[in-house]
Amino acid sequence: MLHLSLNASDGLPLYLQLLQQIKHQIATGRLAPDSELPSVRQLAQQLVVNPNTVVRAYRELEMAGLIYKKRGAGTFVASGGTPYTNEECRRILAERIEALLVEGRHLGYDAERLITLLRECDGDMRADGHASVGGKS
Amino acid sequence: MSERAVITVRDLTCRFKNKVALDSVSLEARAGRVFGLVGENGAGKTTLMKHLLGSLTPQSGEVRVLGSEPTRDPVSVLAKIGYVSEDRDLPRWMRINELLRYTAAFFPDWDQTYAEAMLEQFNLDPTARVRNISRGELAKAGLLLALAHRPPLLLLDEPSSGLDAVSRREILAVVVRSVAEEGRTVVFSSHLLDEVERVADDVAMIHHGKVVLNDSMDAIKAAHQRRIVRFAEPVNVFPKGDGVVFAEGEGRDWSVITHGDAAESRANLHALGVEILEESSPSLETVFVSRVTGARATKASA
């Protein structure tokens with residue numbers, strides 16, 4: 001089952017929320033290549049949204065080459081690594097880093113101290129056996 | 001957008017004594033789509049519904065439902081409509097199964113198998129009396145009675161008002177299934193804007209009997225922007241700008257809702273000498289509130 005959560009009071013159009021969440025799940029590997037996505041009807045009923053919302057999200061994902069349709073068989077995740085371009089990857093990470101920097105500033109951590117902390121955390125994660133997923137080359 | 005119109009309302013006006021309930025209302029609901037009617041209590045939504053059902057005759061203007069005038073051809077129109085009224089006025093002394101048999105008698109197309117499947121799905125006890133069931137069960141019973149003759153058009157007047165979150169979700173799921181599985185046209189009124197945002201293809205906002213906004217949900221979302229702006233010097237009143245629907249704030253920081261092309265309204269705001277701090281897409285609820293309060297403010301200052 002595809003776990004998604006749409007929030008109508010967020011303001012962001014629901015089809016975009018859907019698009020971004022599926023894109024993210026593909027990027028992080030939670031949705032594996034060639035795995036099947038629910039049908040428009042199924043997903044609309046599961047999320048209690050207008051079917052056209054799902055149609056629009058699927059259409060844009062298909063145009064972006066992230067999913068493909070097989071006639072009579074359904075909709076599947078395309079294989080091809082992270083769906084994000086280098087530029088998008090940069091933007092996504094930059095957003096997180098910006099938030100981190102702001103928070104760091106409030107807590108008296110400058111960039112150097114944050115980088116040290118980042119290395120430590122990365123070391124801990126590796127030690128715990130959370131293998132890195134492997135970035136985009 | 002080529003679907004045929006299932007409902008056409010043109011210049012419909014309705015007065016009760018001195019009060020204008022509907023003021024030259026025009027709108028169109030197309031086949032296989034969900035039409036959301038939003039407005040405050042007393043805005044005219046129920047009055048409009050009653051015209052669609054033929055229980056009110058247009059004083060002026062025109063109403064066509066599934067190709068007919070509901071007041072001229074009530075039998076054939078009503079046979080094709082499933083209707084749930086806001087007050088869910090079902091006879092309190094009847095048992096659910098009696099109510100089913102009673103309602104079935106009015107509809108030649110009644111599908112008893114379908115009705116029984118819904119009973120099960122809604123977890124309704126057929127032997128329970130209407131007066132003993134909960135509000136949520138009452139709403140579901142009303143919906144079942146409206147759907148069992150598989151009408152091409154479903155009219156729901158505030159289907160989830162006064163219900164808990166679980167029952168609301170169940171009712172909404174039926175609306176979605178109705179459209180997704182059976183291609184039904186649905187018109188529903190609601191003051192719960194997040195529900196409308198979830199399920200409606202098209203939206204009409206009614207305020208004091210007037211349609212203040214009527215478009216597809218996508219177009220409404222695309223044409224409204226919410227921005228946080230900062231002035232160099234404090235201002236007491238937000239300056240009049242093109243496309244500004246609503247502004248709220250004091251001093252230097254203001255929150256603004258604009259309508260129109262995003263790049264154009266951004267340029268218009270810059271022309272007022274503000275810095276844009278934040279930009280986002282407003283929810284339908286925010287659009288509605290800004291339209292209504294914006295209208296009030298204009299009225300007050302006029």
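General remarks:
- Check on B:GLY209, at pLDDT below 95, within 29 Å of B:GLY44 (Cβ to Cβ) and touching an Asp or Glu at 6+ places or on another chain (Cβ under 6 Å): yes
- When B:THR185, B:THR293 are screened for being closer than 28 Å to B:SER161 by Cβ and open to solvent by 30 Å² or more (accessible area, probe 1.4 Å), only B:THR293 passes.
- Scope region B:214-226; condition in a strand (DSSP E or B) and buried (at least 22 other Cβ atoms within 10 Å of the Cβ); matching residues: B:HIS224, B:GLN225
- For region B:51-84, the tally of residues that are free of Cβ contacts under 8 Å to residues at least 60 places away in the same chain and either outside the structural domain of B:VAL175 (by TED's automatic domain parsing) or in a loop (DSSP other than H, G, I, E, B) (or both) stands at 12.
- Within region A:10-44, considering residues that are open to solvent by 80 Å² or more (accessible area, probe 1.4 Å) and without any contact (Cβ under 8 Å) to a residue 24 or more places away in the chain, the one farthest from the other protein chains (Cβ to nearest Cβ): A:ARG30
- The helices (runs of 4 or more DSSP H) found wholly in region B:85-196 and carrying at least 1 residues that are touching a strand residue (DSSP E or B) at 6+ places or on another chain (Cβ under 8 Å) and not β-branched (Val, Ile, Thr) occupy B:135-147, B:165-182.
- The residues on offer are B:SER216, B:SER281, B:SER255, and the sole one that is under 20 Å from the mean Cα position of the chain (by Cα) and within 14 Å of chain A (Cβ to nearest Cβ) is B:SER216.
- Scanning region A:99-114 finds one or more residues that are at pLDDT below 90 and under 22 Å from the mean Cα position of the chain (by Cα).
- Residues that are without any contact (Cβ under 8 Å) to a residue 24 or more places away in the chain and open to solvent by 70 Å² or more (accessible area, probe 1.4 Å), drawn from region B:99-129: B:ARG101, B:TYR102, B:ALA105, B:PHE106, B:THR113, B:GLU116, B:GLU120, B:GLN121, B:ASN123
The values are calculated or read from the model by the stated rules, or taken from the named source; none is laboratory data. Please read these numbers as outputs of a predicted model, since none were measured by experiment. Here the Cβ is made from the backbone with ideal geometry for all residues, glycine too, and neighbour counts use every protein chain on show. Accessible surface is based on the protein model in full, side chains and every heavy atom, while ligands, DNA and RNA are left aside. Shrake-Rupley method; radii C 1.70, N 1.55, O 1.52, S 1.80 Å.
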